[in-house]
Each structure stands twice: as structure tokens, then as C-alpha cells.
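Each remark here refers to the structure printed beneath this line.
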């Protein structure tokens with residue numbers, strides 16, 4: 001079966017153990033049902049049909065990006081590091097506007113956030 | 001397009017936390033492994049759960065019958081930091097639900113995580129204690145899965161470059177389980193964040209989420225598959241708990257979920273080089289439950305092998321059920337979970353310096369294994385050694401007592417005997433006792449030089465634990481100095497013999513056991529202060545003479 005694993009193909013990991021596929025290569029077409037399942041999105045067959053070419057466009061766009069020559073560019077994967085300076089002191093600062101974030105919850109059952117029954121499995 | 005958030009639960013690492021919560025009703029106030037040694041030392045050796053010994057024995061017997069089990073453990077240690085891992089929210093257990101939250105730990109867009117320096121410090125401490133190789137540069141990754149207790153839709157964790165790897169842990173198997181020293185490999189230690197807590201409404205129509213725990217720092221410690229029995233696994237877990245407490249990086253309380261162990265168990269015929277199918281077990285709330293769950297699982301798998309149904313052993317997650325003492329299928333695994341890990345772009349790499357690590361290394365306390373070897377070298381029995389090193393507070397009290405020149409065996413006996421028994425009854429810990437190590441050493445000295453009897457000391461020690469003060473003042477106040485004057489004791493003996501003519505007659509008629517009765521009467525008359533040695537000597541002579 002076709003597997004669309006964009007992230008796995010890209011040399012994003014700085015692990016010395018990982019051997020990512022470097023350089024541009026043909027990207028496989030997206031497996032839309034699997035993609036939707038990974039994102040917990042339900043798609044009707046009609047919607048899937050509608051979305052497939054759109055997703056394909058995004059993939060093609062990444063294909064274009066992958067064609068860019070990065071030989072001389074330092075990878076920039078994350079925020080910069082200066083030893084020790086990026087850490088935070090272990091000092092509590094309670095968030096002052098808690099009411100606003102509680103207000104923004106779609107469903108709240110004081111004092112809990114209410115969500116659909118999580119025990120129901122697929 | 002409808003969002004069906006809860007479909008297709010993968011195998012989130014954090015789910016175990018939720019499960020211990022789901023099953024609160026199954027929780028038993030079981031004797032924890034850490035308190036087991038205490039019960040051995042007091043008068044109730046029977047407090048050791050018999051089923052464990054039985055199960056171990058059975059597992060051992062089954063091993064002889066041609067099978068070997070392979071056990072690995074994943075431990076999650078919650079760190080007792082003041083704030084969460086990536087935001088400044090307080091990290092408090094038991095706060096009002098959803099009170100210690102902010103946009104960062106609630107996964108709001110546009111927020112940035114900033115790593116708590118204390119988390120790195122705790123990770124380095126623990127890694128050193130586990131004899132690991134520390135990565136001078138490590139990084140964070142996003143582990144994606146959907147579950148309502150994970151607001152961001154991913155957990156910040158460490159994937160391919162953990163902060164430490166390739167360590168080991170030395171343990172002593174308790175004497176009552178056969179004893180022996182074992183070394184278990186530690187594959188890796190990494191830093192990550194905890195998820196929130198999920199509760200289920202009684203009607204089951206919806207669930208409730210408390211995000212106070214979301215973002216609380218965790219260390220995940222993965223062992224090599226080096227354990228071979230439930231006892232070995234439980235002892236490994238207990239040693240991790242000791243390290244956590246000795247180092248002060250966490251409270252290690254299993255009942256609060258601050259220390260969580262998931263075990264992987266497989267069985268193979270002896271001689272087979274490849275491992276059997278691995279089964280994961282969760283939902284164990286004590287070390288004794290870990291031991292029993294593993295031994296049950298080993299027996300279950302061996303039985304399937306013997307019935308030529310080894311194909312029924314499948315890769316799955318099973319839950320330990322305390323009431324039936326069995327494991328049950330929770331979910332079968334359909335292939336490997338796809339967490340779609342990728343590097344966390346919002347956090348810089350964690351870069352350590354040699355000086356930083358040395359600084360932490362220099363401040364490390366003496367660890368349980370080093371303590372046990374030291375206690376062993378001063379001549380204590382293995383049972384004493386394991387008991388004293390089990391709790392760092394007890395070990396510290398013991399060490400302080402020795403600093404006053406007290407004999408190690410005598411100090412150990414008092415601490416493990418009367419002091420522990422009293423503290424246990426009063427539900428106090430040794431640092432809540434008002435007895436100081438200095439006064440314990442003084443008291444032992446007073447017994448040694450004959451000022452007080454051991455019997456009186458038993459009363460004094462209780463007094464000191466409850467009220468404090470000095471041994472000297474208690475002795476003076478209560479007039480407890482031992483009566484060591486032979487004439488005074490003789491007078492009391494004479495009086496008792498005169499007062500009990502009937503018993504004396506029986507004694508003369510051959511019922512010599514009654515000497516104990518007379519001794520008791522004299523001791524009572526002296527209010528416990530008569531020197532037992534002198535009393536028995538004088539009483540013996542009198543009785544012999546009277547025949």
C-alpha cells in the first residue's frame with residue numbers, strides 16, 4: 001500500500017543514527033484515508049475525493065521545495081542554543097488570566113473540562 | 001467534515017497514568033515493597049505477602065521445567081519541581097482541578113515552551129545515580145497522538161538523543177526471597193512532560209479532564225530486559241524509588257502516580273536465543289503488585305507454551321486486576337504505533353558542560369547501593385543492611401547515631417526494633433520523631449554501663465520519641481536508675497517469696513518453671529528497675545537454698 005510519510009522522508013532529525021533520505025526524490029501520492037485517520041478527521045468518500053487533489057497540490061509544493069539546492073546552507077531546525085542561557089529558573093508565576101482561558105473552553109463542567117467519553121474505542 | 005477526536009486510540013505512553021486513575025476502585029492499600037523490610041524486622045514476619053513467595057517459588061519451579069522469562073521495565077518518575085517543565089505554572093499535586101494552568105500547558109497556539117533548569121538538574125542527578133553515559137547535547141522531539149488529556153496533540157519528549165543512556169542499577173534481593181546481588185542494565189533516561197488526568201463520569205456519557213498535571217516534568221527510565229522474575233522486577237522498581245527519594249528529585253509515591261512502572265514480559269524455552277512475544281502489563285500500584293502481576297503473566301504464558309498454544313501469546317497490553325489477581329487484555333496492538341516523531345522546533349538543544357555535571361556529581365549524596373556495601377562491611381546482617389538503607393531518613397538517623405561512637409549492631413537493633421515499631425503505630429516517620437541520634441547513643445551507653453536496664457530503656461525511648469528531651473533528664477525525673485544494690489534486691493526477693501507461699505510450695509514440689517513468675521513479681525515490685533542479672537542470680541540462689 002502507498003504510504004505518505006512526508007516527515008519521515010525529510011532529513012529533519014539530527015540523530016547520528018538516523019539515515020534520512022537526502023535530496024529530492026519523487027513523492028508518493030497521499031493515502032488520504034490514512035492521513036485523515038492520523039489527524040482524527042472523518043471524511044466521507046465524497047470529501048476524500050474532493051480533498052485528494054488539494055493535498056496532492058501541497059505535496060507537489062513540498063516537492064518543489066525539496067528541489068532547492070541546500071548544499072551550502074546550515075540546517076535550521078530549532079531555536080538557537082547558547083549553553084545554559086535558554087533555561088528558565090524554577091520559580092512559579094501563576095498565570096494571571098485563568099478566567100479567560102477557562103472562558104474559552106468549548107465545554108466546561110466546573111471544575112473539569114468536559115470532553116466526549118474517552119473510553120469508547122474504535 | 002466532523003472532528004472525531006476520540007477515535008482510534010493509539011498507544012500513548014501516557015495512557016498508563018490515566019488507567020491508574022480509571023481504576024481507583026480497584027486500588028488496595030497493599031503493603032508496599034518498601035515497607036516489607038520493616039515487617040520482617042518487627043515481630044511479624046508473616047506480614048510478607050505469602051503469595052509473593054509462593055508465586056516466586058512457582059516461577060522458579062517452572063523455570064526448571066525448561067522455560068525462561070525475560071522482563072523489561074519502563075518507569076516514569078514525576079519530578080518534584082516547583083514549576084512545570086515548560087511553563088511557570090506551579091507543579092502541585094492535589095490542587096483544585098484546572099487551577100494550575102496557562103496557555104502554554106493548555107496548548108494554545110502561539111505559546112512557546114521554555115525548559116525549566118531544575119528538570120535538567122534532576123535528569124543529570126538521576127542519570128549519574130543510574131551510572132549512565134550523559135549526552136552533552138540532547139534534544140526534544142514531538143510525539144504525536146490524540147487523547148483528550150494531551151491538549152497540544154503531541155507530547156514533548158526525547159526520541160533519538162535522550163539525555164542519558166547505557167547505565168546500570170545494582171540491587172540486593174531481600175533475604176526472604178533468596179537473597180543475592182543483581183545488576184540490571186538501564187537502556188536510557190529521557191526528559192518529557194506528563195499529560196493531564198482523565199476522569200470518567202458515572203453515567204459514562206462523557207469524560208472530565210484536569211490539566212493541572214499537563215506539562216509536569218517526568219523522567220522516563222527504560223531498563224534492559226535483564227529481569228527474570230517478579231521479585232527481581234519489583235526490587236528494580238524499589239531501587240529506582242530509593243534513588244528518587246535519596247536524590248530528592250521526586251516523592252516516588254506510587255499511589256499518587258508519581259512513580260509508575262510498566263513491565264514487558266516474555267517467555268521462551270531455555271536454549272532459544274530469540275525472545276518470545278512480548279506482553280505489556282500496566283496498572284500496578286505497588287511493588288508487590290508488580291511482582292505478582294509478572295509471576296502471574298509468566299505462568300500464563302508458560303501454560304500456553306505447554307499446551308502448544310504459544311501462538312495465543314500476542315503482542316498486547318494487559319491490565320493487572322488486583323481483585324482477581326490476574327491480567328486481562330486491554331488492547332491488542334495492530335502493528336507499531338506511529339507517533340510521527342520530529343524535532344521540537346520551539347526548544348533549543350540541551351547543551352551541558354563538564355563543569356555543570358561535575359558540580360552535580362560533587363553534591364550527590366551517598367546512594368543506597370554504596371550505603372548497603374558500607375553497612376555490610378561494618379558487619380551488619382544482610383537483613384539489617386537492606387532495612388537501614390531502604391529509607392534515606394532512617395539511614396541518616398543510623399549514620400548520625402554511629403557518629404557518636406555507638407556500636408552499629410546495638411544502634412541497628414534499637415532503630416529496627418522499638419523505634420520502628422513505635423513510629424509505625426503512631427504513623428510517624430523517623431524525622432518526625434523527637435528522639436535525636438545523640439540521645440539514642442546516650443541511652444545505649446547508659447544500658448551498657450548498667451545505669452538503666454534494657455527494659456527501662458524501652459520505656460525511655462518511647463518517651464523520647466514522643467516528647468524529646470534528654471535520656472538523663474528522663475531517668476532523673478522518673479527515678480529510673482537501675483537498682484544494682486544486691487541487698488535491696490535481696491530484700492525484694494525475700495518479700496515476694498514471703499508473699500507467695502503457695503507458689504513457693506509448688507516450686508518446691510518440682511514446678512521450677514515458677515522461677516519466672518517470681519522474677520516477674522520482683523521486677524514488678526521494683527517498678528522494673530531491678531537489674532535483671534542480679535535479680536536472677538539472687539532469686540536463683542534463694543530458691544535453690546530453700547529447697
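Which residue, of B:453, B:526, is touching a helix residue (DSSP H, G or I) at 6+ places or on another chain (Cβ under 9 Å) and touching a residue at least 60 places away in the same chain (Cβ under 8 Å)? Let's see the steps before the verdict.
On the way: B:526 fails: touching a residue at least 60 places away in the same chain (Cβ under 8 Å).
Result: B:453 is the single residue among B:453, B:526 that is touching a helix residue (DSSP H, G or I) at 6+ places or on another chain (Cβ under 9 Å) and touching a residue at least 60 places away in the same chain (Cβ under 8 Å).
Select, from B:385, B:394, the only residue that is under 30 Å from residue B:292 (Cα atoms) and free of Cβ contacts under 8 Å to residues at least 60 places away in the same chain. Write out each step before concluding.
Details: B:385 fails: free of Cβ contacts under 8 Å to residues at least 60 places away in the same chain.
None of the others qualify; the one that does is B:394.
Pull up segment B:512-547, narrow it to residues that are part of a loop (DSSP other than H, G, I, E, B) and surrounded by fewer than 16 Cβ atoms within 10 Å (Cβ to Cβ), then point me to the one that is nearest to the chain's Cα centre (by Cα).
Narrowing segment B:512-547 to residues part of a loop (DSSP other than H, G, I, E, B): B:526-529, B:531, B:547.
Filter again for surrounded by fewer than 16 Cβ atoms within 10 Å (Cβ to Cβ), leaving B:527, B:547.
Numbers: B:527: 41, B:547: 58 Å.
Within segment B:512-547, the match that is nearest to the chain's Cα centre (by Cα) is B:527.
Give the number of residues within segment B:489-511 that are in a helix (DSSP H, G or I) and touching a residue at least 12 places away in the same chain (Cβ under 8 Å).
13
Looking at B:244, B:267, B:249, which one is at negative phi, in contact (Cβ under 8 Å) with a residue 24 or more places away in the chain and in a strand (DSSP E or B)?
Details: B:244 fails: in a strand (DSSP E or B); B:249 fails: in a strand (DSSP E or B).
On inspection, the qualifying residue turns out to be B:267.
If I filter segment B:312-320 for residues that are assigned to a helix (DSSP H, G or I) and either modelled with pLDDT of 90 or more or out of contact with any strand residue (DSSP E or B) (no Cβ under 6 Å at 6 or more places or on another chain) (or both), do I get at least one hit? Steps first, answer last, please.
Taking segment B:312-320 and keeping what is assigned to a helix (DSSP H, G or I), we get B:312.
Subsequent filtering for residues that are either modelled with pLDDT of 90 or more or out of contact with any strand residue (DSSP E or B) (no Cβ under 6 Å at 6 or more places or on another chain) (or both) retains B:312.
Yes, the conditions are met somewhere in segment B:312-320.
Out of the residues in segment B:158-183 that are part of a strand (DSSP E or B) and free of Cβ contacts under 8 Å to residues at least 60 places away in the same chain, which is surrounded by the most Cβ atoms within 10 Å (Cβ to Cβ)? Before the answer, list the steps.
Applying the first criterion (part of a strand (DSSP E or B)) to segment B:158-183 yields B:164-172, B:181-183.
Imposing the further condition that a residue be free of Cβ contacts under 8 Å to residues at least 60 places away in the same chain reduces the set to B:164-168, B:181-183.
Values: B:164: 25, B:165: 19, B:166: 13, B:167: 23, B:168: 14, B:181: 12, B:182: 17, B:183: 11.
Here the answer is B:164.
The conditions are (1) without any contact (Cβ under 8 Å) to a residue 60 or more places away in the chain; (2) within 14 Å of chain A (Cβ to nearest Cβ), and residue B:331 fails exactly one of them. Which is it?
Only one criterion in (1) without any contact (Cβ under 8 Å) to a residue 60 or more places away in the chain; (2) within 14 Å of chain A (Cβ to nearest Cβ) is unmet by residue B:331, namely (1).
Quick one: how many residues across segment B:182-224 are touching a strand residue (DSSP E or B) at 6+ places or on another chain (Cβ under 9 Å), farther than 28 Å from residue B:104 by Cα and at pLDDT below 95?
Count: 1.
Name the helices (runs of 4 or more DSSP H) wholly inside segment B:381-426 in which the number of residues that are buried (at least 22 other Cβ atoms within 10 Å of the Cβ) is 2 or more.
B:382-390, B:392-403, B:408-414
How many residues, within segment B:194-234, are part of a strand (DSSP E or B) and within 14 Å of another protein chain (Cβ to nearest Cβ)? Quick ask: steps written out before the conclusion?
Let us first name the residues in segment B:194-234 that are part of a strand (DSSP E or B), namely B:197-200, B:206-210, B:217-223, B:227.
Then keep just the ones that are within 14 Å of another protein chain (Cβ to nearest Cβ); that gives B:197-200, B:206-210, B:217.
Number satisfying all stated conditions: 10.
Here's a check for you: in segment B:339-376, which residue that is within 14 Å of another protein chain (Cβ to nearest Cβ) and in a helix (DSSP H, G or I) is nearest to the chain's Cα centre (by Cα)?
Initially, segment B:339-376 is screened for residues within 14 Å of another protein chain (Cβ to nearest Cβ), giving B:339-357, B:359-360.
From what's left, in a helix (DSSP H, G or I): B:354-357, B:359-360.
Details: B:354: 32, B:355: 33, B:356: 30, B:357: 27, B:359: 28, B:360: 24 Å.
The extreme case among them is B:360.
In segment B:256-284, what residues are surrounded by fewer than 24 Cβ atoms within 10 Å (Cβ to Cβ), closer than 16 Å to residue B:240 by Cβ and touching a helix residue (DSSP H, G or I) at 6+ places or on another chain (Cβ under 9 Å)?
Residues satisfying the conditions are B:257, B:258, B:259, B:262.
Being modelled with pLDDT of 95 or more and in contact with a strand residue (DSSP E or B) (Cβ under 8 Å, 6 or more places away or on another chain): is that true of residue B:279 here? Show your work before the answer.
On the way: modelled with pLDDT of 95 or more: no; in contact with a strand residue (DSSP E or B) (Cβ under 8 Å, 6 or more places away or on another chain): yes.
In short, no.
Count, please, the residues in segment B:434-451 that happen to be outside any helix (DSSP H, G or I) and at pLDDT below 90. Give the derivation first.
Of segment B:434-451, the ones outside any helix (DSSP H, G or I) are B:434-436, B:449-451.
In the following step, the residues that additionally are at pLDDT below 90 were identified as B:449-451.
Residues meeting the conditions: 3.
Looking only at segment B:459-485, how many residues end up being at pLDDT 85 or above, surrounded by fewer than 17 Cβ atoms within 10 Å (Cβ to Cβ) and part of a helix (DSSP H, G or I)?
Of the residues in segment B:459-485, 5 are at pLDDT 85 or above, surrounded by fewer than 17 Cβ atoms within 10 Å (Cβ to Cβ) and part of a helix (DSSP H, G or I).
Could you check how many residues of segment B:427-442 are under 30 Å from the mean Cα position of the chain (by Cα) and surrounded by 13 or more Cβ atoms within 10 Å (Cβ to Cβ)?
Taking segment B:427-442 first, the residues under 30 Å from the mean Cα position of the chain (by Cα) are B:427-441.
Cutting the leftovers down to surrounded by 13 or more Cβ atoms within 10 Å (Cβ to Cβ) gives us B:428, B:430, B:433-441.
Summing the residues that are under 30 Å from the mean Cα position of the chain (by Cα) and surrounded by 13 or more Cβ atoms within 10 Å (Cβ to Cβ) in segment B:427-442 gives 11.
Inspect segment B:82-102 for any residue being crowded, with 20+ Cβ neighbours inside 10 Å, assigned to a strand (DSSP E or B) and more than 14 Å from chain A (Cβ to nearest Cβ) and give the result as yes or no.
No, segment B:82-102 has no match at all.
The values are calculated or read from the model by the stated rules, or taken from the named source; none is laboratory data. In this text, all values refer to a predicted model and were calculated from it rather than measured experimentally. Backbone-built Cβ (ideal geometry, glycine too); neighbour counts: all protein chains shown.
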